[in-house]
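Every read-out reported here was derived from the displayed coordinates using simple, explicitly stated rules and does not represent laboratory data. Because the structure is a prediction, the values reported are computed rather than measured. Using ideal geometry, Cβ is built from the backbone for each residue, glycine included, and neighbour counts are taken over all protein chains shown.
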Ligand code: ATP
Ligand code: MG
Ligand code: MG
Ligand code: MG
């Protein structure tokens with residue numbers, strides 16, 4: 001993408017309303033624009049990051065055996081009356097009436113709807129286990145939307161729902177999602193620790209929240225530092241095998257949110273290993289048994305020929321929140337530092353003398369070669385001051401900057417800068433291309 005043809009509205013000044021660094025940087029780097037309290041447009045750079053996160057989330061859901069569907073954002077109130085949650089959910093639910101006075105709502109989550117889909121088609125235990133997920137916008141009328149997309153009212157969530165014949169099988173489904181989450185967050189470049197958590201309005205008795213440690217996080221957390229060291233399962237993990245050793249390795253060390261904190265268990269850990277910190281909830285996994293299948297009548301016939309209410313779990317990831325969470329975990333004074341897996345472009349190609357025939361030709365050539373090699377490049381081909389160009393590239397945080405000016409070119413050289421470390425190297429054009437492809 002040539003900067004001259006792009007739409008990349010960066011801000012010079014720090015917006016006053018933004019209280020935390022990720023919100024400030026998302027506004028300044030032109031990733032989002034607020035349209036109403038807690039409701040945002042995604043501008044091109046932000047949209048690319050969001051799409052990259054979605055892709056990784058999808059790949060890991062698919063790897064774990066979940067199947068993608070897409071449910072609507074608007075739901076009928078009737079289904080929620082069947083589960084009893086229409087009244088329980090309270091003011092966080094945005095309720096809408098259509099022209100026929102039918103009661104609708106903007107979905108805050110999808111347990112009821114997915115259970116309705118399940119009960120309409122699945123009849124036998126032989127069709128299980130089944131795990132269906134979608135990546136869809138949710139609306140929760142949060143009392144205090146804040147911190148940009150971190151706590152929005154409209155936000156993008158991946159939510160998966162597992163169906164099993166009994167509790168033991170449901171625990172295996174839970175473990176598959178648990179392991180998928182470890183891999184997902186690792187690939188997104190964040191360290192998310194599964195912590196014992198409270199089940200809240202969704203209900204149930206087995207749940208973990210995946211939490212990224214950050215000083216600006218809204219949750220208080222308590223953990224044994226050794227909980228930070230468990231190894232992330234590889235891409236070759238056999239999801240049809242027994243995953244309990246992996247789950248155990250990640251859940252035996254103390255790690256709990258405030259609501260589940262057990263002071264005496266925590267104080268039993270040697271003092272130098274205790275960590276009291278704050279964190280951002282980027283995902284949560286639940287096992288809740290037959291909480292929805294019973295009232296909604298989602299049953300299958302079992303091997304014994306009798307009908308059984310299915311055992312369910314639900315598994316959320318805050319896709320849009322993750323954009324902010326990654327920035328909280330990865331930035332410096334100059335701006336964002338994207339992990340390369342989700343960066344909007346891999347390389348920022350900076351033309352230091354746009355309009356100079358020789359520099360333009362060298363940049364155009366590098367741009368073509370990188371593009372041909374499948375590398376995503378943002379090419380700053382605009383006539384501007386070097387200082388401002390560097391500042392913008394640092395702000396938007398692409399992993400590499402390839403800096404091309406007439407002085408270097410006179411010696412056949414360009415400069416390659418790694419955003420994360422600031423490390424710079426002078427290389428020939430060929431060597432620079434080889435380094436990047
Ligand atoms: P929180 O405790 O932050 O309010 P939650 O526990 O209510 O979140 P879940 O129902 O577990 O949220 O939804 C799954 C995921 O969706 C959360 O782990 C979080 O990452 C994300 N999420 C929830 N609420 C919001 C929100 N208002 N804005 C952005 N992301 C959100
Ligand atoms: Mg909430
Ligand atoms: Mg929560
Ligand atoms: Mg939660």
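Computed on the chain, with alpha-carbon pairs under 8 angstrom and 6+ residues apart, the relative contact order is 17 percent.
Averaging the sequence gap over all C-alpha pairs within less than 8 Å and six or more residues apart, then dividing by the number of residues, gives region 350-396 a relative contact order of 46 percent. A simple packing score, the average count of other Cβ atoms within 10 Å per residue, orders the peptides 267-274, 187-194, 124-131 as 187-194, 124-131, 267-274, with the highest score first. Say we join alpha carbon atoms closer than 10 Å with springs in a Gaussian network model of the chain; which of 373, 220, 64 then has the biggest fluctuation? Judging by the Gaussian network model, the answer is 373.
For the chain, what does the helix formula give at 222 nm: sum of -39500 (n - 2.57) over DSSP H segments with n ≥ 4, over the residue count, nearest 500 deg cm²/dmol?
For the chain, the value works out to -9500 deg cm²/dmol.
Give the Kirkwood hydrodynamic radius (Å, one decimal) of region 1-119, defined as one over the mean of 1/r across all pairs of different Cα atoms. Please report the intermediate quantities before stating the final value.
On the way: mean 1/r = 0.0560 Å⁻¹.
After inverting the pairwise mean of 1/r, the radius is 17.9 Å.
Hydrodynamic analysis of region 398-437 uses the Kirkwood radius over alpha carbon pairs. Inserted into Stokes-Einstein at 25 °C and 0.890 mPa s, it gives a translational diffusion coefficient of 242 µm²/s.
Separation of region 153-182 and region 225-295, taken as the distance between their Cα centroids, equals 14 angstrom. Computed over the alpha-carbon pairs of region 59-168, the distance histogram in 10 Å steps reads 13, 38, 34, 14, 2 percent, short to long.
I need 309, 430 ordered by Cβ neighbour count within 10 Å, fewest first.
The fewest-first ordering by Cβ neighbours comes to 430, 309.
Neighbour counts of other Cβ atoms within 10 Å put 137, 42, 338 in the fewest-to-most order 137, 42, 338. Each listed q (0.06 Å⁻¹) maps to a log10 I(q)/I(0) for the chain, found by the Debye formula over equal Cα scatterers with no solvent: -0.30.
From the Kirkwood radius over Cα pairs of region 149-303, Stokes-Einstein at 10 °C and 1.306 mPa s returns a whole-number translational diffusion coefficient of 94 µm²/s.
How would you rank 285-294, 298-307, highest first, on the average number of other Cβ atoms within 10 Å across their residues? All intermediate terms of the calculation are to be shown ahead of the outcome.
Values: 285-294: 22.1, 298-307: 13.4.
Top to bottom by mean Cβ count within 10 Å: 285-294, 298-307.
If you average the sequence gap of Cα pairs under 8 Å that are 6 or more apart and divide by the length of region 25-87, what percent do you get for the contact order?
Working: 29 pairs, mean separation 10.2, N = 63.
Computed over region 25-87, the figure is 16 percent.
Considering only 22, 162, 240, the Gaussian network model of the chain with Cα springs below 10 Å gives its largest mean-square fluctuation to 240. Taken over the C-alpha atoms, region 253-302 has Rg and Dmax values of 18.0, 53 angstrom.
Against the empirical 2.2 N^0.38 Å (N residues), region 266-413 has a Cα radius of gyration ratio of 1.80. Using a Gaussian network model on the chain with a 10 Å cutoff between Cα atoms, which of 164, 13, 380 fluctuates the most? Answer for the Gaussian network model of the chain: 13.
Work out, step by step, the length gained on full extension between residue 35 and residue 104: first 0.36 nm times the residue separation, then minus their alpha carbon distance; give nm to one decimal.
On the way: separation 69, 0.36 × 69 = 24.84 nm, distance 2.30 nm.
Length gained, residue 35 through residue 104: 22.5 nm.
Directionally averaged projected area (region 359-437, Cα convex hull): 4.9 nm².
Quick one: if the Förster radius is 41 Å, what FRET efficiency do residue 17 and residue 81 give, using the C-beta to C-beta distance and rounding to 0.05?
Numbers: r = 39 Å, r/R0 = 0.95.
The formula returns an efficiency of 0.60 here.
Exposure proxy shown here: for 222, 210, 239, the number of other Cβ atoms within 10 Å sets the order, fewest to most, as 239, 222, 210.
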